[in-house]
Amino acid sequence: MSKIHVTTTVNGDETEFLCDPRETLLDVLRDRLNLTGAKEGCGTGDCGACSVTIDGRLVCSCLVLGAEAEGKEIATVEGIAEGDTLHPLQRKFIEHAALQCGICTPGILVAAKSLLEKNPNPTETEVRYWLAGNLCRCTGYDKIIRAVMDAATEMREAS
Amino acid sequence: MNYHSPASFAEASALAENADGVTRFLAGGTDVLVQLRADIVTPDTLIDIKKIDGVSDITQNDDGSWTLGVAVTGAEMTEHASLSRDWPGVVEAMDLVGSTQVQGRATLTGNLCNGSPAADSVPAMVAAGVTVTVTGADGSREVAVGDIPTGPGRTSLAKGELVSAVNIPARGDNAGDAYLRFIPRTEMDIAVVGVAVSLRLDGDTVTEARVSLGAVAPTVLLVQECADAIIGSTLDDAALDALAAAASAACNPITDKRGTVEFRTDVAGVLAKRAAKIAYARAKGETVKGDHA
Ligand SMILES: Cc1cc2nc3c(=O)[nH]c(=O)nc-3n(C[C@H](O)[C@H](O)[C@H](O)COP(=O)(O)OP(=O)(O)OC[C@H]3O[C@@H](n4cnc5c(N)ncnc54)[C@H](O)[C@@H]3O)c2cc1C
Ligand code: FES
Ligand code: FES
C-alpha cells in the first residue's frame, strides 16, 4: 500500500511525514513525529486524551487521519510552554495538584487553553461543559476545574 | 484503503461510482473513524470531501433561506449568530452531538448519512423542512431530509451519489423551532428520545407546525397527527395533551439498555410538550435557552 506524503505545521514548525491512509493524526504525532504528549485513551473520541487543535479548532486527534493534516496548523501540548516557562494553566495544574496519573492532563491542558482563548472569563458551568469530552479517572475533576478557573483569573489580570 | 481528496462534487461522485468494495465519504470523520477503528466498517475507498470549494460556507440567500456546505461543523453553526437566531432548534440539535472536540469536526450531513435512528440533528432538520442537494453522475436533485434514511445505517443514496449542500428554508416571521432529547446523563450520550417542533403563529394561534421524533422508530418520523393537535390552538393544555398523546401513539421503539418501549413512548409525549412550548415562546420573539446551556 503506497504511503501518503503530508506537509503540515506542528507547533509552528513545518513538518513532513509519510503515512499509511489508515493512520490517525494521533498515531502520526506519537509514532512518526515523537510527540508523545497526546495520549490514546480510547481511540474512539470519548476520552479527549488525544486533544489537539487544528487551525485553532479543538479536536480529537484519534478521529483525524494523518492525511487530513496536509496544509494545516496543528498545536499539541508540547507547544504550550514557552521554553522553560510554563503556561499559567500548567503552573496552576501543579499548584492545585490537578493531576494524579497524568494521562488525561495533556488533553485537558490543550482543551482548557482553547476555551480560554475563546472565552477568557468562563463560568464554572461553562468550563465543565467545555471539558465534558475530557475524561479523568483519578482526580474527580474538582481540582481540574479549580485550576482552570484560577488560571483564567490570573490570565485576565495579566492582560 | 485508498484515500482521495477530490476538488469537486463531480469528481467525488465519479470516484464513488467507479470504486469497488466499500466506499465512505469523509466529512468530520466522527462516525467513519470510529467505525474504521473498531473494525465495524473498513472502507476500500475513502473520499474526503473537505477539499471541495465552498464546503465550509454558511450562506444566507436573498430570499432568507440558508445554504450550508457539507463540511460545516457543529461548532461553526453554533458560532453563527444569525443562523442561531433564525433556527435555534436546528443549531442546538447539532450542538448536542458529542463533546467540544466532536463539535469541531461533526457535520449535519455526516449525522444524516450515518443513518443512526438516534441522530440528534435529523429530527430538527425534518421539523424545519430542510432538504439536501444530492449530486450523482446524472446531475443534482433536491431531497427532503426525511427521505434520506431508510433504516438503521442505510440511506436512499445510490452508488456514486453524495450530498453536496444542506438547504434550510427561510424562517419567516412569527416562527420558532426547538429540539429536546432525553439522555440518562447531562452530556455525551445517545438520545433515548428526541423531539423537534417547528411552528408559526398568527397572533397567539398556531397556523403551521411540523413535529418530528427521533430514536423511537427505525427511521426519523414526521408526525402529522402531532401537527394537527396544535394547529389552530393557542397551545393551551388541551392542545398540549393531544400533542403528547399523538407523539406517544406514533412511537414504534425498541427496548435497550437506555430505555424500555414504555419509557420511550411516555417520554416522547413529555418532550413534545416541552419542545412545543419553547418553539411557541421563540415564535413570540422570546429568547429561550435550549437543553444545552
Ligand atoms: C464521542 C462521540 C459522541 C457522539 N455523540 C453524538 C450525539 O450525541 N448525537 C449524535 O447524533 N451523534 C453523536 N455522535 C456521532 C457523530 O459525531 C455524528 O453522527 C456526526 O454528526 C457525524 O458527522 P461527521 O461529519 O463526523 O461524519 P463522518 O464520520 O465523516 O461521516 C458519517 C457518514 O456519513 C457519510 N457522509 C459524510 N458526508 C457525506 C456526503 N457529503 N454525502 C453522502 N454521505 C456522506 C459517510 O460516508 C459516513 O457513512 C458522536 C460521536 C462521537 C465520536
Ligand atoms: S483517544 Fe482520542 S478521544 Fe480517547
Ligand atoms: S489524572 Fe489520571 S486520568 Fe486524570
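The values are calculated or read from the model by the stated rules, or taken from the named source; none is laboratory data. Values in this document were obtained by computation on a predicted structure and should not be read as measured data. Positions of Cβ are generated from backbone atoms using ideal geometry, with glycine treated the same way; all protein chains shown enter the neighbour counts. Keep in mind that these areas ignore ligands, DNA and RNA; they rest on the heavy atoms of the full protein, side chains included. Shrake-Rupley method; radii C 1.70, N 1.55, O 1.52, S 1.80 Å.
Here are a few things to note about the model shown:
- Some residue of segment A:100-110 being more than 16 Å from ligand 2 (Cβ to nearest atom), away from chain B (no Cβ under 14 Å) and in contact with a strand residue (DSSP E or B) (Cβ under 7 Å, 6 or more places away or on another chain): no
- Given (1) open to solvent by 30 Å² or more (accessible area, probe 1.4 Å); (2) within 16 Å of ligand 1 (Cβ to nearest atom), number of the condition A:Gly71 does not satisfy: (2)
- Subset of segment B:225-243 [surrounded by fewer than 21 Cβ atoms within 10 Å (Cβ to Cβ) and under 21 Å from the mean Cα position of the chain (by Cα)]: B:Glu225
- Count - residues of segment B:73-87 that are open to solvent by less than 20 Å² (accessible area, probe 1.4 Å) and under 23 Å from B:Asp173 (Cα atoms): 3
- Cross-chain or 6+ apart pairs with Cβ under 8 Å, segment A:106-127 first and among the hydroxyl-bearing types (Ser, Thr, Tyr), then assigned to a loop (DSSP other than H, G, I, E, B): A:Ser114/A:Gly56; A:Thr125/B:Ala293
- Strands (runs of 3 or more DSSP E) contained entirely in segment B:102-220, each with at least 1 residues that are hydrophobic (A, V, I, L, M, F, W, C) and crowded, with 24+ Cβ neighbours inside 10 Å: B:131-136, B:162-168, B:175-182, B:193-202, B:205-214
- Candidate set: segment B:23-46, residues that are of a type in the set (Val, Ile, Thr) and at pLDDT below 95; chosen: the one farthest from A:Asp20 (Cα to Cα): B:Ile40
- In segment B:267-291, the residues that are surrounded by 15 or more Cβ atoms within 10 Å (Cβ to Cβ) and either within 14 Å of chain A (Cβ to nearest Cβ) or at pLDDT below 95 (or both): B:Gly290, B:Asp291
- Some residue of segment A:2-14 being within 12 Å of chain B (Cβ to nearest Cβ) and acidic (Asp, Glu): no
- Scope segment A:22-54; condition within 16 Å of ligand 1 (Cβ to nearest atom) and surrounded by fewer than 18 Cβ atoms within 10 Å (Cβ to Cβ); matching residues: A:Glu40, A:Cys42, A:Thr44
- Selection over segment A:79-99 of residues that are part of a helix (DSSP H, G or I), among the hydrophobic types (A, V, I, L, M, F, W, C) and open to solvent by less than 60 Å² (accessible area, probe 1.4 Å) gives a count of 2.
- Residue tally, condition within 8 Å of chain B (Cβ to nearest Cβ), within 16 Å of ligand 3 (Cβ to nearest atom) and assigned to a loop (DSSP other than H, G, I, E, B), over segment A:44-70: 2
- Residue within segment A:56-74 that is of a type in the set (A, V, I, L, M, F, W, C) and without any contact (Cβ under 8 Å) to a residue 24 or more places away in the chain present: yes
- Comparison of B:Val55, B:Val72, B:Val34 shows that the only residue that is away from every other protein chain (no Cβ under 13 Å) and either free of Cβ contacts under 8 Å to residues at least 24 places away in the same chain or closer than 30 Å to A:Cys47 by Cβ (or both) is B:Val55.
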